[in-house]
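Each remark here refers to the structure printed beneath this line.
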Amino acid sequence: CVFSTGHHMCYHDNSLVSASLEALIQHLVPTVDYYPDRSYVFTFLLSSRLFLHPYELMTRVCHLCVEQQRSGDALLDKIRFREVAPKLVQLLTEWTETFPYDFRDERMMRCLKDMTHHVARGDEYSWRAMQQMTQRLIKRLSALGQYEEAVAALNTVAMERPASLKSKQASGQRSDVMSVCEDAFILAQQLTHIELDRLSFIGPEEFIQTFAMKDPLENHKRKTSNLEAYINWFNRLSYLVATEICMPVKKKHRARIIEFFIDVAQECFNIGNFNSLMAIITGMNMSPVSRLKKTWSKVNTDKFEILEHQMDPSSNFSNYRTALRGATQRSETAHSSQEKIVIPFFSLLIKDIYFLNEGCASRLPNGHINFEKLWELAKQVSEFLVWRQVICPFDRDRRVLQYLVTTPVFSEDELHLASYESEGPENNMEKDSRRSLR
Ligand SMILES: *[C@@H]1O[C@H](CO)[C@@H](O)[C@H](O)[C@H]1NC(C)=O
């Protein structure tokens, strides 16, 4: 451990392993001849929220940065602040660009404004940079607001349950997925668009936010819920797949839809879209679908079995993790944006981060913060940030996209009923189940 600026910092093999919270805050503060390294900035901005609120961190960092220039001599102070100002601007730029949602907190915005005034007394260049940074930030936040409204509006449309959906006989009017798109590759491309759109709005801090202490002044900040929106999409896709399969009256037609979704799942796998792949498999394995024995007997399931094997949860999803590593390697050496695509099975990513947090103490017995854990959290989240930034190379098909995000889907009970209408109950348990649903 070294003793620097009045604080203990412990290193192992040149890597910071633990330190007091005070030391870590100080380590973030730029001075005339010091600027923290990028990975430290990212890691600490990401995880410090486990220990103090972002606005508190920002206030303290700005305060320290200004105060440690003070010498008592006004002119000297001004000169020294002019030297450190560009570095403070750089730090705040990294903050606003990587964690823009932190600035949904009005206190953060106020602090940013105060710093802009302060910097304005230093030099013109830094002041301009602050202005531009603030404008970019406001743009990002308003894009987030629009996205949230769009998701809410889509959910409202999808919740409307036309009477035609309630009974299968009358559902002839509802178009099915294959009447909107017959090409499995195109459908997989549109699913990939939806996945990447939604991923792009998830802030890295949202993974950590759930473990952070609750803000007693929560109303200062509009909460983000892009993680939840993304998980809702996964569930929706599973239910959509099950609905499409249970809906048709004819067995032949149901079998054709199953085969179609197997092809779509295969295309998702090839693209590296593991989240849609898993959602489709989940839909196919829901009991209203899996119990349709006569329908399944008409389907060639070889391809499906291979895909299921890839996503087999046993041994901690080892097959999937190998495939994910393969896709990640392909992405790193990609020549086209299509090869860059890696969309992880998201619930598992969240679960891994959750267990990483649970399985390891954030503080050591001496009160120091366990920075090794924070490096590990940052590693997992930054991998996600690389995946998030891929631009989807496929053409958008508005009609297909609209259908995928808005067409009504059956609830669990409705799925069971539709399933019994397709293939009647086989035993007393199923008979009872149908009776109770009616
Ligand atoms: C599963 O594997 C991941 C990635 O290797 C690891 O982080 C996690 O701790 C493992 N979980 C269990 C329960 O072994």
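The values are calculated or read from the model by the stated rules, or taken from the named source; none is laboratory data. These numbers were taken from a predicted model, which means no experiment stands behind them. Methodologically, a virtual Cβ is constructed for each residue, glycine included, from the backbone with ideal geometry; neighbour enumeration extends over all protein chains shown.
Structure above, values below:
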read-out: Residue satisfying condition, being at pLDDT 95 or above, assigned by TED's automatic domain parsing to the domain that holds residue 358, surrounded by fewer than 21 Cβ atoms within 10 Å (Cβ to Cβ) and closer than 30 Å to residue 109 by Cα, within set 197, 215, 183; value: 197
read-out: Residues located in the range 410-432, provided they are more than 37 Å from the chain's Cα centre (by Cα), over 19 Å from residue 295 (Cα atoms) and not charged (D, E, K, R); value: 428, 429
read-out: Any helices (runs of 4 or more DSSP H) falling wholly within the range 296-409 and containing at least 3 residues that are in the same structural domain as residue 231 (by TED's automatic domain parsing), exposed (fewer than 14 other Cβ atoms within 10 Å of the Cβ) and within 12 Å of the ligand (Cβ to nearest atom); value: 314-332, 346-358
read-out: Members of the range 72-99 that are free of Cβ contacts under 8 Å to residues at least 40 places away in the same chain and in contact with an Asp or Glu (Cβ under 6 Å, 6 or more places away or on another chain); value: none
read-out: Among residues of the range 11-50, those that are in contact with a strand residue (DSSP E or B) (Cβ under 8 Å, 6 or more places away or on another chain) and among the small types (Gly, Ala, Ser), counted; value: 4
read-out: Residue pairs meeting the criteria (Cβ under 6 Å; at least 6 apart or on separate chains; first touching a residue at least 60 places away in the same chain (Cβ under 8 Å), in the range 273-300; second assigned to a loop (DSSP other than H, G, I, E, B)); value: 274/344; 274/345; 275/345; 278/311; 278/345; 292/423; 294/423
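Results for (1) touching a Ser or Thr at 6+ places or on another chain (Cβ under 8 Å); (2) surrounded by 15 or more Cβ atoms within 10 Å (Cβ to Cβ); (3) more than 27 Å from residue 368 (Cβ to Cβ), shown as yes or no for each residue.
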position	(1), (2), (3)
55	no, yes, no
74	no, no, yes
77	yes, no, yes
80	yes, yes, yes
89	yes, yes, yes
98	no, yes, no
103	yes, yes, yes
119	yes, yes, yes
136	yes, no, yes
